[in-house]
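Peer 1: Please find one structure pasted underneath; my questions will follow.
The values are calculated or read from the model by the stated rules, or taken from the named source; none is laboratory data. Because the structure is predicted, anything quoted here is derived from the model rather than measured. Positions of Cβ are backbone-derived with ideal geometry, glycine not excepted, and every protein chain shown enters the neighbour counts.
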Amino acid sequence: MKDIARELEVSISTVSKALKNSEEIGRDTKEKVQAFAKLYNYKPNNIAISLKNKHTRNIGVIIPDIVHHFFTTVFRGIEKYANSRGYNVIVCVSDDSFNKEVINMEMLANGSIDGFILSLADETLEKGDFTHLKQIREQGIPLVCFDRTTAEVECDKVIINDTDISYEVVTKLIKDKRKRIGLVTNIGFGDVSNKRAKGYKKALLENNLIYDENLVLRLAYHDVNEQQISEFFKTQNVDAVLCVNEIFAMHCMGMAQTLGFSVPEDIAFVGFSDGILSKFSKPPLTAVAQHGDQMGQTAAEILIGKIEAEMDEEDIETYRTEIIQATLIERGSTRN
């Protein structure tokens, strides 16, 4: 900037403002400075700027799975809002590994980002070890957890109404004369699956149906056991199934059809996420839309608000939980 100021016989402050496209600088001067900078391939040193300002304008995002439709939509919502506010997004994938989650957080917390948006890995929830999250908070780095969260760490959270929407889905299936409704969930019951199971059970009991553990099928997300699914449909005589994610719904509906069951005449299916698989399966899957874009935007809005409040030295030691209202989208897997 000193070189440009000297060559153009203007102040360094004028150069700085012109490069930032400030309205304080006249159009002719601005164009002259910007043209000179472009001619000599001038680029700002972002590392130096972040050291000076103690502010990187980078957000770290850690998600458990990049393939899962829901997480990609959340990331899209985060990035869209963050970019509109002048922030960049650095994304890491934990692959549901506790160790990878810790390593990613340690790497990004070393001056690379201003705050984190995170959905916890399955292994983290299973271990119940949240030391790395507490350390991030102790360092004063803002943290927003979404979808998979824990009460063990004080931070802002964005979730959906898991219990209520599961209750609503099962109640609807009961009104459709379904009486043996199965639940397909994760092994180990994470926080999200546990809430969905709670809504499932509540709907059965309030409608005078028995909660039967035999109607609950627990699968490993990353290693779905087809034989286990086959045995479930051969022995349990279910007439409807609620699956806690889209992957389970596809496996289960496909297996039921392979075994000769008609969908939805014999068995109705509902799954969470409402991704591409739901829309193009045969029949199309009735799904719970989790509104990942909205969840991501909300998480980014909360985090950037915290980051900028911290810059202004405002009181930011209050936390809130935003609940996104999920909606049921009916398709051919429940409608005759």
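Peer 1: Looking at the range 113-159, which of its residues are closer than 19 Å to ILE323 by Cα and free of Cβ contacts under 8 Å to residues at least 12 places away in the same chain?
Peer 2: If the condition is that a residue be closer than 19 Å to ILE323 by Cα and free of Cβ contacts under 8 Å to residues at least 12 places away in the same chain, then ALA151 is the only one that fits.
Peer 1: While we're looking at this one, here's another question. Looking only at the range 111-134, how many residues end up being of a type in the set (D, E, K, R) and closer than 18 Å to ALA82 by Cβ? Full working, then the answer.
Peer 2: Within the range 111-134, the subset of a type in the set (D, E, K, R) is 114, 122-123, 126-127, 129, 134.
Filter once more, so that each one left must be closer than 18 Å to ALA82 by Cβ: 114.
Residues meeting the conditions: 1.
Peer 1: If you take the residues in the range 166-212 that are within 28 Å of the chain's Cα centre (by Cα) and in a loop (DSSP other than H, G, I, E, B), which one is surrounded by the most Cβ atoms within 10 Å (Cβ to Cβ)?
Peer 2: Once the filter is applied, the top-ranked residue is GLY190.
Peer 1: Restricting attention to helices (runs of 4 or more DSSP H) lying wholly within the range 238-336, give those where 3 or more residues are over 30 Å from ARG85 (Cα atoms).
Peer 2: On the way: elements: 246-258, 276-280, 292-311.
Where helices (runs of 4 or more DSSP H) fall fully within the range 238-336 and carry at least 3 residues being over 30 Å from ARG85 (Cα atoms), they are 246-258, 276-280.
Peer 1: Shifting gears a bit: Take VAL15 and decide whether it is within 15 Å of the chain's Cα centre (by Cα) and at pLDDT below 90. Spell out how you get there, then give the answer.
Peer 2: On the way: within 15 Å of the chain's Cα centre (by Cα): no; at pLDDT below 90: yes.
Against the criterion (within 15 Å of the chain's Cα centre (by Cα) and at pLDDT below 90), VAL15 does not qualify.
Peer 1: Specify the residue that is farthest from the chain's Cα centre (by Cα); the eligible residues are those in the range 232-267 that are among the small types (Gly, Ala, Ser) and crowded, with 24+ Cβ neighbours inside 10 Å.
Peer 2: Step one: filter the range 232-267 for residues among the small types (Gly, Ala, Ser), giving 240, 249, 254, 256, 260, 262.
Among the residues that remain, those that are also crowded, with 24+ Cβ neighbours inside 10 Å are: 240, 249.
Values: ALA240: 28, ALA249: 20 Å.
Restricting to residues being among the small types (Gly, Ala, Ser) and crowded, with 24+ Cβ neighbours inside 10 Å, the top hit is ALA240.
Peer 1: Evaluate the following for ARG218: is it within 21 Å of ASP122 (Cα to Cα) and outside the structural domain of ASP96 (by TED's automatic domain parsing)? I'd like the intermediate steps shown before the answer.
Peer 2: Details: within 21 Å of ASP122 (Cα to Cα): yes; outside the structural domain of ASP96 (by TED's automatic domain parsing): yes.
Criteria met by ARG218.
Peer 1: If we scan the range 105-121, do we find a residue that is over 19 Å from LYS198 (Cα atoms) and among the β-branched types (Val, Ile, Thr)? Give the derivation first.
Peer 2: Just the residues of the range 105-121 that are over 19 Å from LYS198 (Cα atoms), to begin with: 105-121.
Remaining after also requiring among the β-branched types (Val, Ile, Thr): 113, 117.
Yes, that holds for at least one residue.
Peer 1: Any idea which of LEU133, LEU120 is touching a Lys or Arg at 6+ places or on another chain (Cβ under 7 Å) and over 16 Å from GLY305 (Cα atoms)?
Peer 2: Details: LEU133 fails: touching a Lys or Arg at 6+ places or on another chain (Cβ under 7 Å).
LEU120 is the lone residue from the list that is touching a Lys or Arg at 6+ places or on another chain (Cβ under 7 Å) and over 16 Å from GLY305 (Cα atoms).
Peer 1: Tell me, yes or no, whether the range 296-312 has at least one residue that is closer than 26 Å to SER119 by Cβ, buried (at least 22 other Cβ atoms within 10 Å of the Cβ) and outside the structural domain of ARG148 (by TED's automatic domain parsing).
Peer 2: No.
Peer 1: Next question, about the same structure. For the range 219-242, which positions are touching a residue at least 60 places away in the same chain (Cβ under 8 Å) and of a type outside the set (Phe, Trp, Tyr)? Outline the logic, then answer.
Peer 2: So in the range 219-242, the residues touching a residue at least 60 places away in the same chain (Cβ under 8 Å) come out as 221-222, 239-242.
Hits for the range 219-242 are HIS222, ASP239, ALA240, VAL241, LEU242.
Peer 1: Still on this model: Filter the range 66-121 down to residues that are part of a helix (DSSP H, G or I) and either surrounded by fewer than 14 Cβ atoms within 10 Å (Cβ to Cβ) or in the same structural domain as ASP274 (by TED's automatic domain parsing) (or both), then give me how many there are. Working first, answer last.
Peer 2: Taking the range 66-121 as the starting set, the residues that turn out to be part of a helix (DSSP H, G or I) are 69-84, 98-108.
Filter once more, so that each one left must be either surrounded by fewer than 14 Cβ atoms within 10 Å (Cβ to Cβ) or in the same structural domain as ASP274 (by TED's automatic domain parsing) (or both): 83-84, 99, 106-107.
Residues in the range 66-121 being part of a helix (DSSP H, G or I) and either surrounded by fewer than 14 Cβ atoms within 10 Å (Cβ to Cβ) or in the same structural domain as ASP274 (by TED's automatic domain parsing) (or both): 5 in total.
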